[in-house]
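This report refers to the structure that appears directly beneath it.
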Amino acid sequence: MRCLKAGRNERGVAFAKPEVIGPIMTRKVRVTSLQRSLADLITLFGSTTGHHSVPMIAVGGKLVGIITQSDLVAAFGRAAHLAI
């Protein structure tokens with residue numbers, strides 16, 4: 001897979017050239033399972049991890065979705081609303 005790398009030439013003119021994604025992608029990806037509790041997910045999105053989304057896998061390692069910080073906040077918001 002390729003993406004575009006932006007830059008400027010010696011004249012200061014902006015350009016974009018194809019770049020291979022392999023060298024810039026994250027190889028040691030943190031994942032979570034469908035059985036993990038919402039409270040446990042907070043640690044994956046802590047300020048020290050820098051993660052904004054985490055792949056979710058099923059038994060056997062199949063990717064079934066991606067959970068984001070926004071998903072987590074929305075879930076806690078729904079739970080708080082139901083508790084009122």
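The values are calculated or read from the model by the stated rules, or taken from the named source; none is laboratory data. What you are looking at is a predicted structure, and each value in this text was computed from that prediction instead of being measured. Quick reminder, even Gly has a Cβ in these numbers, built from the backbone with ideal geometry, and neighbours come from all protein chains shown.
Does segment 42-53 contain any residue that is aliphatic (A, V, I, L, M), surrounded by 10 or more Cβ atoms within 10 Å (Cβ to Cβ) and at pLDDT 75 or above?
Within segment 42-53, the subset aliphatic (A, V, I, L, M) is 42, 44.
Those left that are additionally surrounded by 10 or more Cβ atoms within 10 Å (Cβ to Cβ): 42, 44.
After this cut, where a residue has to be at pLDDT 75 or above as well, the list is 42, 44.
The answer is yes, given that some residue of segment 42-53 is aliphatic (A, V, I, L, M), surrounded by 10 or more Cβ atoms within 10 Å (Cβ to Cβ) and at pLDDT 75 or above.
Starting from residues that are surrounded by 10 or more Cβ atoms within 10 Å (Cβ to Cβ) and not hydroxyl-bearing (Ser, Thr, Tyr), keep the ones in segment 30-41 and report whichever is farthest from ARG78 (Cα to Cα). Can you show your working first?
Of all residues in segment 30-41, those surrounded by 10 or more Cβ atoms within 10 Å (Cβ to Cβ) come to 30-34, 36, 38, 40-41.
Subset that is not hydroxyl-bearing (Ser, Thr, Tyr): 30-31, 34, 36, 38, 40-41.
On the way: ARG30: 26, VAL31: 24, LEU34: 19, ARG36: 18, LEU38: 12, ASP40: 17, LEU41: 16 Å.
If we take residues in segment 30-41 being surrounded by 10 or more Cβ atoms within 10 Å (Cβ to Cβ) and not hydroxyl-bearing (Ser, Thr, Tyr), then ARG30 is farthest from ARG78 (Cα to Cα).
Limited to segment 26-84, what total is found for residues that are part of a helix (DSSP H, G or I) and basic (Lys, Arg)?
Within segment 26-84, the first condition is being part of a helix (DSSP H, G or I), and the residues that meet it are 38-45, 69-83.
Checking which are basic (Lys, Arg) leaves us with 78.
Number of matching residues: 1.
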